[in-house]
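What follows is a single structure, written as structure tokens, with notes after it.
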Amino acid sequence: MSVRTVAVLTAGGLAPCLSSAVGGLIERYTRLAPDVRIIGYLDGYAGLLTGRSIEVTQEVRAHAGRLHDFGGSPLGNSRVKLTNAADPERRELVAPGADPLRVAAEQLVADGVDVLHTIGGDDTSTTAADPATHLAEHGHHMRVVGLPKTIDNDIVPIRQSPGARTAAEQGALFARNIIAEHSSNPRMLIVHEVMGRHSGWLTAETARRYRSDPATRSFVPGLGNDPRRWDVHAVYVPEVDIDLEGEGRRLGVIMDEIGCVNVFVAEGAGVDDIVASLESAGREVPRDAFGHVQLDRVNPGEYLASTFADRIGAEKSKVWKSGYFARSAAPNDEDLALIGRCADPAVSAALGTGSGVVGRDVERGDELRVIEFDRVAGGRAFDPTVDWFAHLLDDIGQTR
């Protein structure tokens, strides 16, 4: 298949890799196939449905490397599911009664797109495969090559998603400041809520990275500058049930000893119990276009804070959410290297070998390859038995 026009879009929530991935793709095409036309759809699938795109000019190509220094996405994002017709129609992205899948496919044909690069999570990648399948059924073949993106690091079967390590690093930086709030009130409970709907990887990795910082600092315990007050006292992830009674007793002892408790919790931890409680009480649980519970409306962190505050005798409790701070950062060196390693096979696949999502395939010996769409899914659970997390829990005295 001859490649004349390539389109790029970013979709879903932000992650510290979107801008850099866009820049990396442009750089690779400029080097390997400089005559290929590149366009970017604005605001993800919303721009594709409404025909809003921008041309990658020679000036943009010359300065694409600058995008590695930024967070966010230069093209803009949105959450749109093409197979959920009611959602795009409600948002006036398609005419009443129109099939979004067909609208997207027709726009791709009108724009002459031979290759569509998506940068997003599992929903973004599998959604991109839908118009490609639709087009193939009507005799028009288009490749779709995705780059993974999720700060949760929960895409099946991808070992490591670009942007996730940066998010953990930034969450640790956020925690370094907000944990100083332990000194703002006697018997203070601080809950650091970290993004992570199904997977606790980001919460666990954020806690691990945070704890490496106090270990390098010198304290003045005689004046109350006690390293125990700067530590993490509990880490809760969706993959492990929370023993409210047992943890309440354990954290209560810590509160009595040092006058504060610092908890890291994934926003998805305990959600099933909260949702079940709300629904049994006859309350409607808000969900997005993909059917996901809207966690910001359910507020697991607040639920946990209020539950523990009573059990441990906290005089004051506060929930701090690092997700938006962490996900909007520019990529660190670890992620820049990973983005670069993913961009090369993405462009090679687009120019010659086929469709899929680029990543280290855990089911193929961690080989960096273009993974088949029918094997890509979300919600890969974090393994709480891995040595480094087990050691972390043992070190803070949390039962596992």
(message) Quick test of your reading of the structure: A11 fulfils all but one of (1) among the small types (G, A, S); (2) at pLDDT 95 or above; (3) surrounded by 19 or more Cβ atoms within 10 Å (Cβ to Cβ). Name the failing condition by number.
(response) (2)
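For the condition open to solvent by 10 Å² or more (accessible area, probe 1.4 Å) and within 23 Å of the chain's Cα centre (by Cα), what is the one hit in R217, R208?
None of the other options fit; the residue is R208.
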(message) Looking for something among the charged types (D, E, K, R), farther than 21 Å from D152 by Cα and not in a loop (DSSP other than H, G, I, E, B) - is there at least one such residue anywhere in region 339-357?
(response) yes
(message) Looking only at region 41-84, how many residues end up being of a type in the set (A, V, I, L, M, F, W, C) and either surrounded by fewer than 18 Cβ atoms within 10 Å (Cβ to Cβ) or in contact with a Phe, Trp or Tyr (Cβ under 6 Å, 6 or more places away or on another chain) (or both)?
(response) 4
(request) Could you tell me whether region 324-333 includes any residue that is modelled with pLDDT of 95 or more, outside any strand (DSSP E or B), touching a Gly at 6+ places or on another chain (Cβ under 8 Å) and of a type in the set (K, R)? (result) yes
(request) Please state which one of E239, E257, E205, E247 is among the acidic types (D, E) and over 20 Å from R400 (Cβ atoms). (result) E257
(request) Scan region 359-400 for residues that are of a type outside the set (V, I, T), open to solvent by 70 Å² or more (accessible area, probe 1.4 Å), under 27 Å from L244 (Cβ atoms) and touching a helix residue (DSSP H, G or I) at 6+ places or on another chain (Cβ under 9 Å) and jot them down. (result) D383, W388, D395, R400
(message) I'm told R91 meets every condition in (1) surrounded by 20 or more Cβ atoms within 10 Å (Cβ to Cβ); (2) among the basic types (K, R); (3) at pLDDT below 95 except one. Can you identify the failing condition by its number?
(response) (1)
(request) Could you check G171 against (1) in a loop (DSSP other than H, G, I, E, B); (2) touching a helix residue (DSSP H, G or I) at 6+ places or on another chain (Cβ under 8 Å); (3) not β-branched (V, I, T) and say which number it fails? (result) (1)
(message) Just to verify a result, which residue in region 186-204, among those that are modelled with pLDDT of 95 or more, more than 16 Å from S306 (Cβ to Cβ) and open to solvent by 10 Å² or more (accessible area, probe 1.4 Å), is farthest from the chain's Cα centre (by Cα)?
(response) P186
(request) Mind telling me which of the residues G365, G379 ends up being of a type outside the set (A, V, I, L, M, F, W, C) and within 19 Å of the chain's Cα centre (by Cα)? (result) G379
(message) Cβ-Cβ under 9 Å, sequence separation 6+ or interchain: first residue in region 100-112 and at positive phi, partner surrounded by fewer than 21 Cβ atoms within 10 Å (Cβ to Cβ) and among the basic types (K, R). Which pairs?
(response) G112/R4; G112/R37
(message) Tally up the residues in region 1-32 that are touching a strand residue (DSSP E or B) at 6+ places or on another chain (Cβ under 9 Å) and not in a strand (DSSP E or B), please.
(response) 17
(request) From Y45, Y29, grab the single residue that is modelled with pLDDT under 95 and within 25 Å of P331 (Cα to Cα). (result) Y45
(message) Regarding region 149-164, can at least one residue be identified that is touching a His at 6+ places or on another chain (Cβ under 8 Å), among the hydrophobic types (A, V, I, L, M, F, W, C) and surrounded by fewer than 24 Cβ atoms within 10 Å (Cβ to Cβ)?
(response) no
(request) Go through region 65-114 residue by residue and tally those that are assigned to a loop (DSSP other than H, G, I, E, B) and not aliphatic (A, V, I, L, M). (result) 20
(message) Just to be sure I understand the filter: pairs with C-beta atoms under 8 Å, separated by 6 or more residues or on different chains, first member in region 363-376 and closer than 13 Å to V145 by Cα and of a type in the set (S, T, N, Q), second member open to solvent by 70 Å² or more (accessible area, probe 1.4 Å) and part of a helix (DSSP H, G or I). Which pairs pass?
(response) none
(message) Filter region 114-146 down to the residues that are polar (S, T, N, Q), touching a residue at least 40 places away in the same chain (Cβ under 8 Å) and either surrounded by 24 or more Cβ atoms within 10 Å (Cβ to Cβ) or out of contact with any Phe, Trp or Tyr (no Cβ under 8 Å at 6 or more places or on another chain) (or both) and list them by number.
(response) T118, T124, S125, T127
(request) Kindly establish whether D241 is open to solvent by 50 Å² or more (accessible area, probe 1.4 Å), within 30 Å of G121 (Cα to Cα) and in a helix (DSSP H, G or I). (result) no
(request) Could you run through region 33-64 and say how many residues are part of a helix (DSSP H, G or I) and under 21 Å from D87 (Cα atoms)? (result) 6
(request) Out of the residues in region 310-342 that are out of contact with any Cys (no Cβ under 7 Å at 6 or more places or on another chain) and β-branched (V, I, T), state the one that is surrounded by the fewest Cβ atoms within 10 Å (Cβ to Cβ). (result) V319
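The values are calculated or read from the model by the stated rules, or taken from the named source; none is laboratory data. Note that the structure is a prediction, hence the values are computed from the model and not measured. FYI the Cβ positions are ideal-geometry reconstructions off the backbone, even for glycines, and counts take in every protein chain you see. Protein only, heavy atoms only, side chains kept; ligands, DNA and RNA dropped before computing areas. Shrake-Rupley method; radii C 1.70, N 1.55, O 1.52, S 1.80 Å.
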